[in-house]
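The values are calculated or read from the model by the stated rules, or taken from the named source; none is laboratory data. On a predicted model such as this, the values are computed, not experimentally measured, just so you know. When we count neighbours, we look across all protein chains shown, and the Cβ atoms used for this are built from the backbone with ideal geometry, even at glycine. The protein model used for the area step is the full one, side chains on, heavy atoms only, and it has no ligands, DNA or RNA in it. Shrake-Rupley method; radii C 1.70, N 1.55, O 1.52, S 1.80 Å.
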Amino acid sequence: ERENWDSPVEFLLSCISMSVGLGNIWRFPFVAYENGGGAFLIPYLIVLVFIGRPLYFLEMILGQFSSSGSVKIWDCVPFAKGIGYGQALATWCVVTYYCVLMALAFFYLFASFQAVLPWTECDPEWATENCYSTTANLSNANLTNTSVSSAEEYFYIYVLKKIPNMDNGIGTPDWRLTLCLLLCWILVFAMLAKGVSSSGKVAYFTALFPYVVLITLLIRGCTLPGAGDGILYFITPDWEKVLTPDVWYAAVTQCFFSLSVGFGPISTFSSYNPFRHPIYRDSTIVSLADTFTSILAGVTIFSILGNLAYETNQPIENVVQGGTGLAFISYPEAISKFDAVPQLFAVLFFLMLITLAIGSASGLAGCIITILSDDLPHIPRWIVTAFVCAASFLIGLVYVTPGGQYILDLVDYFGGGFIIYIMVIAETVAVCWIYGLKQIVKDIRYMLGFGLGIYWKFTWCFLIPIALAVIFIYAMVVYEPLKTDDGEPYPPAANAAGWVLAAIAILQIPIWGALVVRKQQGNNWIQRFEASLRPAAEWGPKNPGIKRDWLEYNKQPVRFSWIPNPKWTRSCKSH
């Protein structure tokens with residue numbers, strides 16, 4: 001008997017906690033700013049409505065209908081089993097560096113309890129001659145083009161010990177960040193060791209606490225001088241960029257990164273639901289919450305960056321940085337200029353980052369643990385969880401070396417973005433074209449009691465695979481090798497490793513497909529191949545009684561239309 005969430009609220013909050021993560025706080029504001037400001041919301045919302053939300057609902061359906069993890073769900077199309085393993089590899093790539101970002105947040109959290117925030121002063125221990133204090137009166141300072149703020153040098157020199165390139169290797173792990181990383185994985189283990197019964201309870205905090213901090217920072221930020229200029233800079237549209245392919249590529253990437261579609265945790269979470277749980281409602285709530293959080297974070301971040309630009313007498317574009325630069329340089333620098341208890345706001349901010357990160361990390365790691373537990377049911381779950389956490393910690397050590405940030409960018413590009421495009425295209429083709437759109441719509445009607453309209457059918461069957469294929473081809477055409485801080489391309493060996501990582505994940509599809517074909521019964525390979533495209537005997541609802549009823553229901557003729565017939569819905573409900 002598969003365990004269930006203790007309440008529907010725990011499932012909903014766990015989905016919000018997983019989907020609303022670091023990407024909303026530090027990635028969305030910068031991506032929006034770079035791609036047209038307020039105008040970016042148009043392609044982003046279009047992508048969310050026609051790609052993100054349908055994919056989210058589809059993955060929820062597959063998990064809840066079969067009560068299986070992201071590999072076992074492919075009993076519907078056994079040949080496509082490799083999609084689940086490819087997604088698992090991408091998920092493992094992302095969660096290993098996600099916890100490293102959480103480790104950096106822990107490092108800053110501990111540093112925030114000092115009487116003087118350490119990144120506000122140029123400490124001779126690590127500062128260079130170009131360093132200037134972030135709390136100094138800059139109107140009297142003689143700043144040049146080579147001047148660097150203490151917050152930036154603190155992050156790159158003292159915390160990361162970052163090297164300019166990888167010509168001489170990446171160095172050895174830093175012991176302080178290693179301990180912070182160990183703490184992160186201990187927390188993830190504690191959340192996941194007992195399954196959803198423990199992670200569901202934690203979701204009440206991980207899903208709601210970030211909103212408390214965001215709203216607190218927004219109220220504080222809007223009262224600061226220069227905040228209005230920062231918010232206007234964020235929302236002012238640049239209409240010329242809306243029609244450029246780069247903006248749409250950025251919108252799709254941000255949507256995937258934000259909602260976590262294509263990675264597997266969504267189907268894993270929904271697999272712990274009762275069979276007839278109303279996931280249609282939940283998928284809508286999570287999509288809206290994710291979008292609301294991204295916009296709220298953008299306004300909050302830029303209100304405080306506007307104040308930073310005002311205090312430093314610089315244009316806003318000079319103080320805006322993306323990714324780790326926003327979280328660990330620009331924002332800490334802005335907080336240090338608060339008149340009242342900057343330590344309090346620093347603690348709140350980094351606690352928020354940790355909460356966001358651990359919610360997403362537990363969802364991603366839980367997906368891998370569920371896959372292994374489904375394949376190895378005789379091994380206690382806590383042992384599987386301990387193995388995944390220990391292995392992930394050891395892999396994560398490569399990111400806390402002086403050259404670790406270069407490896408992180410490499411794995412993020414090839415492991416977190418590149419792979420997912422291929423997997424999502426394969427996922428929609430396998431479900432809608434091989435398992436069959438008619439059959440999946442019939443399954444939904446049986447499970448939820450209503451039919452689906454043309455919106456869902458068109459997006460799943462045509463729009464998503466075609467649009468993602470076009471965007472992926474465009475990305476490959478304009479691809480440029482990643483570069484180090486000094487502008488030089490990554491070493492050939494590093495780029496080769498990235499391509500090998502992507503190839504290993506993509507090759508899971510044909511490799512597992514060949515293994516499945518080999519196990520099928522048939523007089524020749526063609527018959528075995530055809531058998532591998534048909535649902536396995538194990539596919540269907542987990543509950544034996546419901547499955548028998550479903551098999552009887554399936555004997556009825558498939559009545560399919562692009563527009564649902566209300567009579568069918570009433571017939572299904574009575575059935």
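The table below gives the values:
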item: Computed accessible area, Val9, all protein chains, 1.4 angstrom probe, square angstrom; result: 70 Å²
item: For segment 202-257: rounded, prolate or oblate by the Cα gyration tensor [a/c cutoff 1.5]; result: oblate
item: Distant-in-sequence amide H partners of Val148 (H built 1.01 Å from N, under 5 Å); result: Cys131, Tyr132
item: Simple Cβ-charge dipole of segment 20-171, Lys/Arg +1 and Asp/Glu -1, about Cα centre, in debye nearest 20; result: 720 debye
item: Accessible area of segment 8-533 belonging to carbon and sulfur atoms, whole % at 1.4 Å probe; result: 67 percent
item: For segment 117-125, 3J(HN,Hα) per residue [Karplus equation, 6.51 cos²θ - 1.76 cosθ + 1.60, θ = phi - 60°, Hz, x = Gly/Pro]; result: 4, x, 8, 8, 10, 8, 6, x, 4
item: Backbone HN-Hα couplings from phi across segment 460-476 [Karplus 6.51/-1.76/1.60, Hz, Gly and Pro as x]; result: 5, 7, 10, 4, 5, x, 5, 4, 5, 5, 5, 5, 5, 4, 4, 4, 5
item: Greater than 23 Å apart at Cα, pairs in Lys72/Lys194; Lys72/Lys442; Lys72/Lys438; Lys162/Lys337; Lys438/Lys547; Lys442/Lys555; result: Lys162/Lys337
item: With all protein chains modelled, accessible area of Leu482 [1.4 Å, Å²]; result: 40 Å²
item: For segment 97-166: rounded, prolate or oblate by the Cα gyration tensor [a/c cutoff 1.5]; result: oblate
item: Lysines with Cα under 21 Å of Lys161, excluding same-chain neighbours fewer than 8 positions away; result: Lys483
item: Rg/Rh (Cα only; Kirkwood hydrodynamic radius) as it applies to segment 8-133; result: 1.11
item: Neighbour count of at most 10 Cβ within 10 Å plus DSSP loop: longest GluC sites (Glu not before Pro)-free window in the chain; result: 130-575
item: 1.4 Å probe accessible area per residue over the chain, in Å²; result: 40 Å²
item: Degrees, to the nearest 10: 81-111 long Cα axis against longest axis of the chain; result: 30 degrees
item: Farthest positive-ward along the chain dipole, Cα basis, beta-carbon charges - from Trp456, Leu12, Tyr479; result: Trp456
item: Solvent exposure, largest accessible area first (probe 1.4 Å, DNA, RNA and ligands not counted), of His277, His378; result: His378, His277
item: Estimated vicinal HN-Hα couplings, Hz - segment 542-553 in sequence order (Karplus 6.51, -1.76, 1.60; Gly, Pro = x); result: 6, 5, x, x, 5, 5, 4, 5, 5, 5, 5, 4
item: Euclidean distance of C-alpha centroids, segment 84-121 and segment 404-451, integer Å; result: 27 Å
item: Among Gly359, Asn495, Pro78 - extreme Cα towards positive end, dipole of segment 8-533, charges at beta-carbon; result: Pro78
item: Accessible area in the full protein assembly, largest first, 1.4 Å probe, for Thr135, Thr355; result: Thr135, Thr355
